[in-house]
Structure formats: C-alpha cells, structure tokens
Amino acid sequence: MTNQVVQPYQGDPELGHLSTPISDSALVRSWINALPAYRKGMAPLTRGLEIGLAHGYFLVGAELLLGALRDFEVAPYIGGLVTAIAIVLLGTACMNAHGLVSLKPTAELPPGTDALKTSEGWSEMAAGFFIGGSSGAFMAYFLLAHFEEINAIFRGFVN
C-alpha cells in the first residue's frame, strides 16, 4: 500500500512511534521548538519565568469562570487570585520534587550539559515558575479588578 498517509515509524509497526503528518510537519516542529521549554540558549530561570507568567495569567480567568469561589460577592476577583497562586505553588512543589528525585546534581554530569538536565537547573526553573506564575496571577487580578478605570483611560485616548 503506497497510498497510505499514516505509516508506521521506519516501516515497523512494533516500534510504537506515533509519527503522523501533523506531528511531523515543519510548522508544528518549528512551533514546538519556539516554546520556552525547548528554546535553545535560555537560562532555566527565564524559562520558568516565561512559563509561569503564561500559566498564572490564564489560571485567574479559569478560576473566575469555573472555580469554587466564582460567586464570592465581597471581592469577586480575589478568589481567582488566591486559587491561581495556590495552584502555582502546588505546581512549583511538584516541579521541585521531580528535579530532586529524577535528575542528577551538576557535579555528576560532564561539563556543557544542558542546565535543565540537572537538579540545580530544574530548581532554578521551578523558582522562576513560581515568581512568574504569581506575577501573572497578580497582573490578571489587577487588570480585572480595575477594568473600568483602564477602559476609561483607553477610551480617553481614542475619543
């Protein structure tokens, strides 16, 4: 069958590789390589900051819409902020645990090894994730809590 679009990896169905036209396309590979976890030349702290900023920012909105404190009438956005920071803190603890258990210290690896393959580099990324996640959550909270004022400022620029 030469007309088959999806074929087993290297022609052997027992290898178990999920190679598809989507996962092997140049567009998808370039997009994945642009993500901070795979980008070349980044320090672990900046990787963690970038990943944390994105996650902290979107967690507030998800918690506002779907979280347990979504009907908190006194301060509607504080529940999303507290829950998002708690989730970021739990994620940081899990990242630290993974780095301590699964990765070797820098002294045991040859020089020039990628920093994320060491427990110290992974710990730096987890610290950056916590700082970035908390900052992203506070930024989303600030924008939501002061939406009317920010909207008035931008309307003044336009009108």
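Since every read-out is calculated from the coordinates, none of them should be taken as a lab result. Everything numeric in this text was worked out from a predicted model, so none of it was measured. Ideal geometry is used to build each Cβ from the backbone, glycine not excepted, and the neighbour counts take in all protein chains shown.
Restricted to segment 89-107, and to residues that are surrounded by 15 or more Cβ atoms within 10 Å (Cβ to Cβ) and of a type outside the set (Val, Ile, Thr), which residue is farthest from the chain's Cα centre (by Cα)?
The selected residue is 103.
Among what's in segment 113-139 and is in a helix (DSSP H, G or I) and hydroxyl-bearing (Ser, Thr, Tyr), pick the residue that is farthest from residue 46 (Cα to Cα).
Among those that are in a helix (DSSP H, G or I) and hydroxyl-bearing (Ser, Thr, Tyr), it is 119.
Which condition from (1) out of contact with any Gly (no Cβ under 8 Å at 6 or more places or on another chain); (2) exposed (fewer than 13 other Cβ atoms within 10 Å of the Cβ) is the one that residue 114 breaks?
(1)
How many of the residues making up segment 62-88 are surrounded by 14 or more Cβ atoms within 10 Å (Cβ to Cβ) and in a helix (DSSP H, G or I)?
11
Somewhere in segment 45-56, is a residue part of a loop (DSSP other than H, G, I, E, B), under 18 Å from the mean Cα position of the chain (by Cα) and within 26 Å of residue 136 (Cα to Cα)?
Within segment 45-56, none of the residues are part of a loop (DSSP other than H, G, I, E, B), under 18 Å from the mean Cα position of the chain (by Cα) and within 26 Å of residue 136 (Cα to Cα).
Within the group 120, 124, 108, which residue is touching a residue at least 60 places away in the same chain (Cβ under 8 Å) and among the charged types (D, E, K, R)?
Exactly one residue qualifies, and that residue is 124.
So, in segment 132-141, how many residues would count as being buried (at least 18 other Cβ atoms within 10 Å of the Cβ) and either under 16 Å from the mean Cα position of the chain (by Cα) or small (Gly, Ala, Ser) (or both)?
So the answer is 6.
Cβ-Cβ distance below 6 Å, separation of 6 or more or different chains: which pairs start in segment 47-65 with a residue that is more than 14 Å from residue 135 (Cα to Cα) and end on one that is in a helix (DSSP H, G or I) and not hydrophobic (A, V, I, L, M, F, W, C)?
Filtered contacts from segment 47-65: 63/80; 63/83; 64/80.
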